[in-house]
1. Rolling a 1.4 Å sphere over the protein heavy atoms, what is the accessible area per residue of segment 110-191, to the nearest Å²?
2. Between VAL183, VAL161, GLN128, whose Cα lies farthest towards the positive end of the dipole of segment 104-195 when Lys and Arg beta carbons carry +1 and Asp and Glu beta carbons carry -1, centred on the Cα centre?
3. With N set to the number of residues, divide the alpha-carbon radius of gyration of segment 22-142 by 2.2 N^0.38 Å and report two decimals.
4. Of the candidates ILE43, ILE170, ILE71, which one comes out as most mobile in a Gaussian network treatment of the chain with C-alpha springs shorter than 10 Å?
5. Using only DSSP helix segments of four residues or longer, with each worth -39500 (n - 2.57), what per-residue ellipticity at 222 nm results for the chain after dividing by its residue count and rounding to 500?
6. Give me the percent of the accessible area of the chain that comes from carbon and sulfur atoms, probe 1.4 Å, all protein chains in place.
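The values are calculated or read from the model by the stated rules, or taken from the named source; none is laboratory data. Being a predicted model, the structure only gives us computed values, none of them experimental. In this analysis, Cβ positions are derived from the backbone assuming ideal geometry, glycine residues included, and neighbour counts consider all displayed protein chains. Just so you know, the surface numbers come from the protein's heavy atoms only, side chains and all, with ligands and any DNA or RNA stripped out. Shrake-Rupley method; radii C 1.70, N 1.55, O 1.52, S 1.80 Å.
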Amino acid sequence: MISVAVLASSLSVRAAPLTLKEGEALMGRFEQARYLRGFDKPIRSSGEFFLLPKDALIWQTETPFDSRMVIDKEGLSQGMNGAEVTRLGFKQFPAFKLLRDTLENSLSGNWAPLEEMAGTKLQPSEEQFSLRFSPKDSGLSLPFAYLNFRISDFLDVMEIVKSNGDRDVITFTDQRIAPVETVSEAERAARKKRS
């Protein structure tokens, strides 16, 4: 007969999500489904992402068309065919800095600031962790009502829910931690391949 202690020890508690260490960066793939009121089906896009902590988050969209978005210390810029088409600075749009920090912290596994801002902890389950991020009143006009995160070793899914009911569901796959130089080199190669 199996003892209760043996049974309890065989039920593993999910290990904490991975956290990037100093000198490490992250790269992987994403698929985004944008659900908009008035549309029967979501608008889908996919591509590669590169997180260079404290420097930049780069989204290289491959489908349905090539585009490149860079969120860095100054703000957000988006380009197509090598030409910049949009630039939003954090000074003009401070709420985007909160979104940038949220993206960087969640992708790098730095959950403590998000837990503090949300006033709640990661919720463990057998398979994953989850967190609903609805920051306390920040005085900013935020580009979202709340965010839902599903996490295993890495951030697996982020749902961005807007106050009008529109939402984006971003699924992350094939995530790899590597030295910053390796991820920077992979990002340059991806950019060169697209130009």
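1. It amounts to 54 Å² per residue over segment 110-191.
2. Of the candidates, VAL183 comes out farthest on the positive side.
3. Against the compact-globule rule of thumb, the ratio is 1.17.
4. Residue with maximal mean-square fluctuation among ILE43, ILE170, ILE71: ILE43.
5. That calculation yields -7000 deg cm²/dmol at 222 nm.
6. Carbon-and-sulfur percentage of accessible area, whole number: 53.
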